[in-house]
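Accompanying notes for the structure given below.
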Amino acid sequence: MKILDRYLLKSFLITFATVFVILFFIFVLQIVWLFIAELAGKDLDIIMIVKFLLFKMPSIIPLVLPLSVLLASIMTFGSFAENYEFAAMKSSGISLQRAMRSMIYFIVAVSYTHLTLPTICSV
């Protein structure tokens with residue numbers, strides 16, 4: 001793997017992880033908001049509520065993953081364009097497809113995992 005591929009993939013993965021955590025937290029808060037009527041006033045202890053959230057979290061991942069990939073891609077490429085890093089790549093003869101190759105491989109792997117995860121979890 002070339003230095004440019006590692007740099008692009010590292011920038012994307014840091015942004016992807018950050019966006020994933022933020023969106024996951026937002027979706028967990030949405031689940032709490034949706035089920036507040038069932039949870040409030042039932043004299044449930046905090047352990048029971050945490051168990052409920054832990055059981056709901058796997059159903060959130062298929063919702064958060066595509067949004068995380070989209071937002072991380074937009075943010076990463078926007079950052080590269082803002083800092084003229086794409087202009088530097090183009091001037092050195094690197095095409096956009098070549099620059100995106102490492103991220104495309106990662107996104108295809110995430111997509112494959114995203115598609116096979118529901119079948120694995122249902123067994």
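The values are calculated or read from the model by the stated rules, or taken from the named source; none is laboratory data. Keep in mind that this is a model prediction, so the values were computed, not measured. Neighbour counts run over all protein chains shown; Cβ positions are idealised from the backbone, glycine included. Heads up: the accessible areas ignore ligands, DNA and RNA and are worked out on the full protein's heavy atoms, side chains in. Shrake-Rupley method; radii C 1.70, N 1.55, O 1.52, S 1.80 Å.
Taking Cα atoms only, the orientation of helix 3-34 departs from the longest principal axis of the chain by about 20 degrees. Relative to the Cα centre, the charge distribution of the chain, modelled as +1 at Lys and Arg Cβ and -1 at Asp and Glu Cβ, gives a dipole magnitude of about 460 debye. In the context of the full set of protein chains, the chain has a per residue accessible area of 70 Å² (1.4 Å probe). When the P(r) of the chain is calculated, the portion above 24 Å amounts to 44% of the C-alpha pairs.
For the chain, give the percent of accessible area contributed by carbon and sulfur heavy atoms, probe 1.4 Å, rounded to a whole number.
On the way: 6370 of 8580 Å².
On the chain, the fraction of accessible area on carbon and sulfur atoms equals 74 percent.
Comparing PHE52, PHE16, PHE25 in a Gaussian network model of the chain (Cα springs below 10 Å), the most mobile by mean-square fluctuation is PHE52.
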